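Below is one structure, written out as structure tokens; comments come after it.
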Amino acid sequence: MVQTVELLPDEATDAYIRQQWQALTRAGLPSAGRNPAPSVRPHVTLAVATSIRETAEAALREHGRAALPIELHLAGYACFDQTRPGISRFVLVRLVTASVELLRLQGAIARTVGISDAFAPTMAPGRWVPHITLARAVRPSQMSRAVELLAGSRPPPGHGVRLRRWDGEGKREWSL
């Protein structure tokens, strides 16, 4: 079971990322935009856990009220290695600059959720890499084509404007 707390971007940033998803799809490449579920949207994951106590939601809302809106500066591209024996795959992401304000928000959310370092070591404060996923299951032979396709597009100035919870088991989302 996976539970997350996510930062959703403003409309312009959301539209920009969706355009990048569409460009990947049109080129026949993996894309996060291929998933038709209405809950699939551009986001920055702030915390991942096996469960999040309902009693934590009031504190999560308060963190959001205190920090949002928050500037989101989209940076370059990166790939996260998801290679397993016999399978070589990567996740293509658009990095988000780790501002002091964003790091503070993520740290507060992570402490409130009580993330487990064993479950999500890359989500621990100090190890977290802020990003928005563009595509999963990208083969090494596809990576340079994907980056070449997307490179050169200038993102709009952006903001994180809302927090949401995602329940991976129940496949449901709600605003905080």
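The values are calculated or read from the model by the stated rules, or taken from the named source; none is laboratory data. This structure is a prediction, so every number in the text was calculated from the model and none was measured. Cβ sites come from the backbone with ideal geometry, for glycine too, and all protein chains shown count toward neighbours.
Figure legend. Inter-residue proximity from segment 1-29: first residues under 30 Å from ARG111 (Cα atoms), second residues modelled with pLDDT under 95 and among the acidic types (Asp, Glu), beta-carbon distance below 9 Å, spacing 6+ or different chains. Indicated pairs: MET1/ASP167; MET1/GLU169; VAL2/ASP167; VAL2/GLU169; GLN3/ASP167; GLN3/GLU169; THR4/ASP167; GLU6/GLU173. Within segment 156-176, restricting attention to residues that are under 16 Å from the mean Cα position of the chain (by Cα) and farther than 19 Å from ARG65 by Cα, which residue is surrounded by the fewest Cβ atoms within 10 Å (Cβ to Cβ)? Among those residues, the one meeting the criterion is GLY168. Scanning segment 46-58 for residues that are under 16 Å from the mean Cα position of the chain (by Cα) and either within 11 Å of LEU163 (Cβ to Cβ) or among the basic types (Lys, Arg) (or both) turns up LEU46, ALA47.
Do you know which of the residues in segment 77-95 that are at pLDDT below 90, assigned to a strand (DSSP E or B) and not β-branched (Val, Ile, Thr) is surrounded by the most Cβ atoms within 10 Å (Cβ to Cβ)? The selected residue is PHE80. Of the candidates ARG111, ARG61, the single residue that is over 16 Å from the mean Cα position of the chain (by Cα), in a helix (DSSP H, G or I), in contact (Cβ under 8 Å) with a residue 40 or more places away in the chain and loosely packed, with under 15 Cβ neighbours inside 10 Å is ARG61.
Here is a yes/no grid of residues against (1) modelled with pLDDT under 95; (2) acidic (Asp, Glu); (3) in a loop (DSSP other than H, G, I, E, B):
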| residue | (1), (2), (3) |
| --- | --- |
| GLY107 | yes, no, no |
| PHE119 | yes, no, yes |
| THR122 | yes, no, no |
| ARG127 | yes, no, yes |
| GLN142 | no, no, no |
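If I filter segment 17-26 for residues that are small (Gly, Ala, Ser), touching a helix residue (DSSP H, G or I) at 6+ places or on another chain (Cβ under 9 Å) and either closer than 19 Å to GLY152 by Cα or in a strand (DSSP E or B) (or both), do I get at least one hit? Scanning segment 17-26 turns up at least one residue that is small (Gly, Ala, Ser), touching a helix residue (DSSP H, G or I) at 6+ places or on another chain (Cβ under 9 Å) and either closer than 19 Å to GLY152 by Cα or in a strand (DSSP E or B) (or both).
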